[in-house]
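Below is one structure, written out as structure tokens; the observations come after it.
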Amino acid sequence: MQAFNYETPASVADAARAAAAGAKLMAGGQSLLPSMKLGLAAPEALADLGAIAELKGITVAGGTVKIGAMTTHAAVAASKEVQQAIPALAALAGNIGDRQVRNRGTIGGSLANNDPAACYPAAVLGLGATIHTNTRAIAADDFFKGMFETALADGEVITAVSFPVPEKAGWQKFKQPASRFSIVGVFVSKGPQGVRVAVTGAGPGVFRAKALEGKLAANWSAAALNGATVSAEGLNSDLHGSAEYRAALIPVLAARAVG
């Protein structure tokens, strides 16, 4: 690992200035630090967001769950408010990675990194959440742009994520046993933004399965997905599973998530 400058900004404004000056923002570091050790990332400066208290915490009010960007997966999973408002979100957070990852990794870091097999992007897209930054609010449908790519501009800092509380929601993941990333993960919801089905792990980035959404909008039940199919075109194919295998898993996991 090469030498780098290390900064600890005390506010979001300080973090934004550091990022604008070329520093790489670091949340939990569960993706960035391994990449640096492998030589896949070599930032000249790191700005550690861990000291910024305003980026941490969970509030539930007015039919919305708002989670600070530096809130850890473990904190989301343990939150009684999240468990009551959106049980599927708490369950998702409680099954990310291992104990170390859950106690260090953060929701903001996961979304900014946008790993194509990460869990949180499926919840954000599947619930129609809003990503708040130091400059604007970004709808989930506009945030994810592709593999490791988001709508974030240079110097933009994620501050929080707002989730509308759904009428119903569910999450199912077929995980890779070593990394515990999703070979395929499916988040389903029925709520203020209608029926949404978001898929992670299967393609180069998280996406909505519109055909499945249509079936569930007509009949919210696992039976509504009997015989449903998803095209394998454009899906991932690797040693963990072919594109066809992933395509076959999507409606199966969606049906299980519906319950």
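Every read-out reported here was derived from the displayed coordinates using simple, explicitly stated rules and does not represent laboratory data. Because the structure is a prediction, the values reported are computed rather than measured. Every residue, glycine among them, receives a Cβ derived from its backbone with ideal geometry; neighbour counts consider all protein chains shown.
Name the shape class, rounded, prolate or oblate, that the alpha-carbon gyration tensor gives for the stretch 5-258, where a ≥ b ≥ c are the square roots of its eigenvalues, rounded holds for a/c under 1.5, and otherwise prolate holds if a/b is larger than b/c and oblate otherwise. Judged from the Cα gyration tensor, the stretch 5-258 comes out prolate (a/c at least 1.5, a/b above b/c).
If R0 equals 45 Å, the separation of the Cβ atoms of S221 and A151 corresponds to a calculated FRET efficiency of about 0.85. Relative contact order of the stretch 5-258: 16 percent, from C-alpha pairs under 8 Å at least 6 residues apart in sequence.
With a Förster radius of 25 Å applied to the beta-carbon distance between S179 and A78, the computed FRET efficiency rounds to 0.65.
Protection proxy ranking, highest mean first, for peptides 152-163, 222-233: 152-163, 222-233, where packing is the per-residue count of other beta-carbon atoms within 10 Å, averaged. With a Cα cut-off of under 14 Å and a minimum spacing of 8 residues unless on different chains, the lysine pairs in the chain number 5.
For T71, the residues whose modelled amide H falls within less than 5 Å of its own, excluding neighbours fewer than 5 places apart on the same chain, are G57, I107, G108. Fully extending the segment from V252 to N103 would add 50.6 nm, taking 0.36 nm per residue of separation and subtracting the current Cα-Cα distance.
Its DSSP H runs of at least 4 residues, each contributing -39,500 (n - 2.57), put the calculated 222 nm mean residue ellipticity of the chain at -8500 deg cm²/dmol, to the nearest 500.
Neighbour counts of other Cβ atoms within 10 Å put E149, E213 in the fewest-to-most order E149, E213.
Computed over the stretch 1-129, the Cα gyration tensor eigenvalues convert (square root of 5λ each) into semi-axes of 27, 17, 12 Å, ordered from largest to smallest. Computed extension gain for L33 through D238, at 0.36 nm per residue and net of the alpha carbon distance, reaches 71.3 nm. What helices does the chain have that are whole DSSP H segments, at least 15 Å long along their own axis by Cα, and with mean Kyte-Doolittle hydropathy of 0.5 or more? Answer set is 243-258. Put a dot 7 Å past the Cα of E167, heading toward its Cβ, do the same for D141, and the two dots end up 1.9 nm apart.
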